[in-house]
Amino acid sequence: MIPLTKNKKYLLKTERLGLRNWLPSDEAPFSEMSQDKEVMKYFPKLLNKEDSKNFIARMQNNFETYGFCYFAMDILESGEFIGFTGILHQNYKSKFTPCVDIGWRLKKSAWGNGFATEAAMACLDFAFSELELNEIYSFATINNKGSEAVMKKIGMNYIDTFNHPSLINNKDIKKCIVYKINKT
Ligand SMILES: CC(C)(COP(=O)(O)OP(=O)(O)OC[C@H]1O[C@@H](n2cnc3c(N)ncnc32)[C@H](O)[C@@H]1OP(=O)(O)O)[C@@H](O)C(=O)NCCC(=O)NCCS
């Protein structure tokens with residue numbers, strides 16, 4: 001069998017994962033995970049096909065412009081696309097922005113294997129060593145314990161809780177925690 005990873009060009013590789021720019025072939029699996037109520041529990045809505053397409057286009061645009069985005073992520077051994085982990089410019093209005101944040105979203109079947117942590121560590125290393133960024137933030141709605149656990153696991157520190165301006169009309173998820181890690 002020809003490995004599915006053969007034609008994929010990875011910017012970052014970990015022991016088990018490949019991180020890369022997005023491909024047209026990611027549209028179907030990304031759209032499927034964006035329709036999963038558990039994956040999207042802490043987001044304002046499920047993404048329809050058009051939303052997913054727009055998200056991918058925004059990531060490709062960031063990758064081409066800045067050299068990074070929330071990277072599409074595959075398991076190297078199988079070539080299976082399992083979601084994303086990466087870094088992204090955030091420009092909404094708050095006391096923490098503009099900044100670069102780190103984020104993750106995996107399909108359910110991939111949860112609980114340490115993948116988000118493994119990929120996020122590689123992204124931090126890339127951000128500090130290659131991009132020479134000085135600090136990275138991470139944001140999650142206050143009840144998202146899984147996301148907060150990843151932040152802690154990769155060495156980030158809690159700094160604040162705030163009402164996210166993009167979620168201000170959604171009382172269930174507007175309150176967000178902020179974590180941060182510095183280069184040093
Ligand atoms: C959050 C998410 C990315 C975690 O991915 P993952 O690959 O399962 O995370 P890891 O396996 O690296 O786990 C890291 C730590 O978090 C813990 N953890 C994971 N999910 C958890 C949960 N729901 N509650 C509490 N702890 C959790 C793990 O136990 C692990 O700690 P341990 O090694 O001490 O046991 C994944 O659950 C997801 O995609 N969720 C939906 C999308 C989302 O909410 N994204 C974040 C938006 S801010």
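Each value in this text was obtained by applying a stated rule to the coordinates, not by laboratory testing. Source: prediction; values computed, not measured. Don't worry about glycine lacking a Cβ; one is built from the backbone with ideal geometry, like all the others, and counts go over all protein chains shown.
Which value, in debye to the nearest 20, describes the size of the charge dipole of region 65-184 about its Cα centre when Lys and Arg Cβ atoms bear +1, Asp and Glu Cβ atoms bear -1, and nothing else is charged?
My answer is approximately 680 debye.
When only C-alpha pairs under 8 Å and at least 6 residues apart count, what is the relative contact order of the chain, in percent? Write down the numbers at each step before the final one.
Values: 308 pairs, mean separation 33.0, N = 184.
It rounds to 18 percent for the chain.
May I ask which of Lys9/Lys108; Lys9/Lys45; Lys145/Lys174; Lys49/Lys175; Lys49/Lys145; Lys49/Lys171 have a Cα-Cα span longer than 21 Å here?
In this structure, Lys9/Lys108; Lys9/Lys45; Lys49/Lys175; Lys49/Lys145; Lys49/Lys171 lie more than 21 Å apart at Cα.
Show me, for region 141-155, the HN-Hα J-couplings you get by feeding each phi into the Karplus relation (A = 6.51, B = -1.76, C = 1.60, θ = phi - 60°), rounded to Hz, glycine and proline as x.
Computed from phi, the couplings for region 141-155 are 5, 4, 8, 7, 5, x, 5, 5, 4, 5, 4, 5, 4, 9, x Hz.
Loop only per DSSP, at most 10 neighbouring Cβ atoms within 10 Å: give me the GluC sites (Glu not before Pro) in region 16-47, ordered by residue number.
Glu38
Compute from the Cα atoms of the chain the Rg and the Dmax, the latter being the longest Cα-Cα distance, and quote both in angstrom.
So, for the chain, Rg and Dmax equal 15.7, 51 Å respectively.
Give me the angle, in degrees from 0 to 90, between the Cα long axis of helix 49-66 and the longest principal axis of the Cα atoms of the chain, rounded to the nearest 10.
Long axis of 49-66 versus the principal axis of the chain: about 90 degrees.
Once amide H atoms are placed 1.01 Å from N in the peptide plane, what residues at a sequence separation of 5 or more from Leu17, or on another chain, have their amide H within under 5 Å of its amide H?
Placed amide hydrogens put Leu76 under 5 Å from Leu17.
Going by C-beta contacts inside 10 Å, put Trp111, Trp22 in order with the fewest on the left.
By the 10 Å Cβ count, ascending: Trp111, Trp22.
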